Amino acid sequence: MVDAAGAASRLSTLIQKRTVSSRDPEGWDPREFDAFRKLLPALYPESHRALDMTIIAGHSMLYRWKGKQPGEPLVLMSHYDVVPADDEGWIRPAFSGDLHDGKVWGRGSIDTKCTLVCAFEAVETLLKSGFIPERDIYLSFGHNEETGGDGTPSIVRYLTEKGIKPGLVLDEGGAIVEGVFPGVSKPLAMVGVAEKGVTDLELSVQSPGGHSSTPPRRGAAWRLAQAIVRLERKPFPARFPSATRAMFKQLGPHASFGLRLVFANLWLFEPLLLRVFGSSGGELNAICRTTTVVTMLEGSQAANVLPAVAKAVVNVRLAIEDSVEAAVARIRNTIADPLVELRVLHPGEPSPVSELSGERFDALVATIAEVYPEAIMAPYIVLGGTDARHYSDVSTSVYRFSPFTLSKAERASMHAVNEAIPVASLAKGVDFYQRLIRRAG
């Protein structure tokens, strides 16, 4: 049984804590995180009586539910920090947690206090029924995922130091979606089996500066602009990595006739498909290559002053089977200007591809099929970054799947306005976690 109304009410309570993380020490309020954690024992009393909880890196939480026998534990992940939001443009206030129109509204309702609530709801219900897992189960809740912080990496180090090797690890990621794959009309259960690397580079050009009334030829801003244009004109080569080929193999038989023919004969149509994906931009382009995009620009501080230094930050999303070293070398060669300095700010390699068969993967697939029998399961590569990548160092079965039906608008609301999760979807998520714990725990 799932107490949908109770789960929605408890999620509403937790959304009201403004757990906004920031890389700036002055940009976040630890008191909000403390207040969030202090709510949990009252909301989930059975879980806090039966599970051992350890605070890691100041605010991240690791719960252990002791099983009957030794074995590689199931790890259910989430994070309870959120990105900033004000009320402008929201139908309901951003941190209200309002229950309105069959949804729970507010920042974190989808990304991703919902999965934390679903995990707790499942554990609480199972404890009340007398269930004891066969193996240990860990609830791993980071506090600074949105800023790429130290929460989950510290949890993974803690487990490693204790000699604990996780088995199946589940974090946020794909969902039950429609209309995302060409020619397939059925709902899809998209399971992330790897994620692209995220690396930030800084391009900078020095110059003497001076007054704008006497500009030099080819100054710092011009040289930086040239470098950016060269990057834009020469994208990384397109290719389909193994995980994407597995997605095509899974979804191809369900596509329209023409696309079914294409995916069944990828050996013949791959060059054409790569050209189509690469020229389409957006998600299709990102699926098949390492991408670069300039996200920050800096020049002088006044309209009549030449910049002494011009800077650009390039966000690089590394394709599976690529590397930071190789990407930086290629970018340097593409820019081909020794006066443009390149510095790696935040390196991040792509994750390994998790197992696509075996007991753990089969347990996840079977649970999805029970809760969403109408959906076609397909593996995919996550284009954004999640905390799951840190567990890839200690487990070969790390998956990224949020067990909710999410519309295009609901997916777009993450990090934007009007983030809200339907109560019915939340209830399905609780059911999913109960079944997964029974099957894999």
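Observations on the model:
- Candidate set: segment 384-416, residues that are hydroxyl-bearing (Ser, Thr, Tyr) and part of a loop (DSSP other than H, G, I, E, B); chosen: the one nearest to Pro187 (Cα to Cα): Ser407
- Single match in Leu274, Leu251 (criterion: closer than 22 Å to Gly179 by Cβ, surrounded by 15 or more Cβ atoms within 10 Å (Cβ to Cβ) and under 27 Å from the mean Cα position of the chain (by Cα)): Leu251
- If you filter segment 77-119 down to residues that are among the aliphatic types (A, V, I, L, M) and more than 19 Å from Arg10 (Cα to Cα), you find that the one that is surrounded by the fewest Cβ atoms within 10 Å (Cβ to Cβ) is Ile91.
- The lone exception for Gly282 - which of (1) crowded, with 18+ Cβ neighbours inside 10 Å; (2) within 21 Å of the chain's Cα centre (by Cα); (3) not aliphatic (A, V, I, L, M) it fails: (1)
- Evaluating Gly58 against the criteria (1) buried (at least 22 other Cβ atoms within 10 Å of the Cβ); (2) under 17 Å from Asp387 (Cβ atoms); (3) not hydrophobic (A, V, I, L, M, F, W, C) leaves one unmet condition, (1).
- Among the candidates Val75, Val83, residue that is farther than 22 Å from Gly441 by Cα, assigned by TED's automatic domain parsing to the domain that holds Ile15 and of a type in the set (A, V, I, L, M, F, W, C): Val83
- Residue count for segment 1-27, restricted to those that are surrounded by 15 or more Cβ atoms within 10 Å (Cβ to Cβ) and farther than 23 Å from Arg92 by Cα: 2
- Residue in segment 198-214 that is under 20 Å from Tyr399 (Cα atoms) and crowded, with 19+ Cβ neighbours inside 10 Å present: yes
- Those residues of segment 357-373 which are over 23 Å from Val117 (Cβ atoms) and either small (Gly, Ala, Ser) or touching a strand residue (DSSP E or B) at 6+ places or on another chain (Cβ under 9 Å) (or both), in sequence order: Ser357, Gly358, Arg360, Phe361, Val365, Ala366, Ala369
- For segment 329-345, the count of residues that are more than 22 Å from the chain's Cα centre (by Cα), at pLDDT 95 or above, of a type in the set (Asp, Glu) and in a strand (DSSP E or B) is at least one.
- Any pair with Cβ under 6 angstrom, 6 or more apart, that starts in segment 245-259 at a residue that is in the same structural domain as Pro271 (by TED's automatic domain parsing) and closer than 23 Å to Ala319 by Cβ and ends at one that is modelled with pLDDT of 95 or more and not in a helix (DSSP H, G or I): Ala246/Leu356; Ala246/Pro379; Met247/Ala378; Met247/Pro379; Met247/Tyr380; Gln250/Ala378; Leu251/Ala378
- Scanning segment 300-353 for residues that are charged (D, E, K, R), free of Cβ contacts under 8 Å to residues at least 60 places away in the same chain and either more than 21 Å from Gly148 (Cα to Cα) or surrounded by 17 or more Cβ atoms within 10 Å (Cβ to Cβ) (or both) yields a count of 1.
- When residues of segment 140-165 are limited to those that are in a loop (DSSP other than H, G, I, E, B) and in contact with a Ser or Thr (Cβ under 9 Å, 6 or more places away or on another chain), the one surrounded by the fewest Cβ atoms within 10 Å (Cβ to Cβ): Lys165
- Selected residue [farther than 30 Å from Ile228 by Cα, touching a Leu at 6+ places or on another chain (Cβ under 9 Å), touching a residue at least 12 places away in the same chain (Cβ under 8 Å) and not acidic (Asp, Glu)] from Lys196, Lys165: Lys165
- Pro208 in contact (Cβ under 8 Å) with a residue 24 or more places away in the chain and over 26 Å from Ser300 (Cα atoms): no
- Given (1) assigned by TED's automatic domain parsing to the domain that holds Ile110; (2) surrounded by fewer than 19 Cβ atoms within 10 Å (Cβ to Cβ); (3) in contact (Cβ under 8 Å) with a residue 12 or more places away in the chain, number of the condition Ser185 does not satisfy: (3)
The values are calculated or read from the model by the stated rules, or taken from the named source; none is laboratory data. On a predicted model such as this, the values are computed, not experimentally measured, just so you know. No Cβ is skipped: glycine too gets one built from the backbone with ideal geometry, and neighbour counts run over all protein chains shown.
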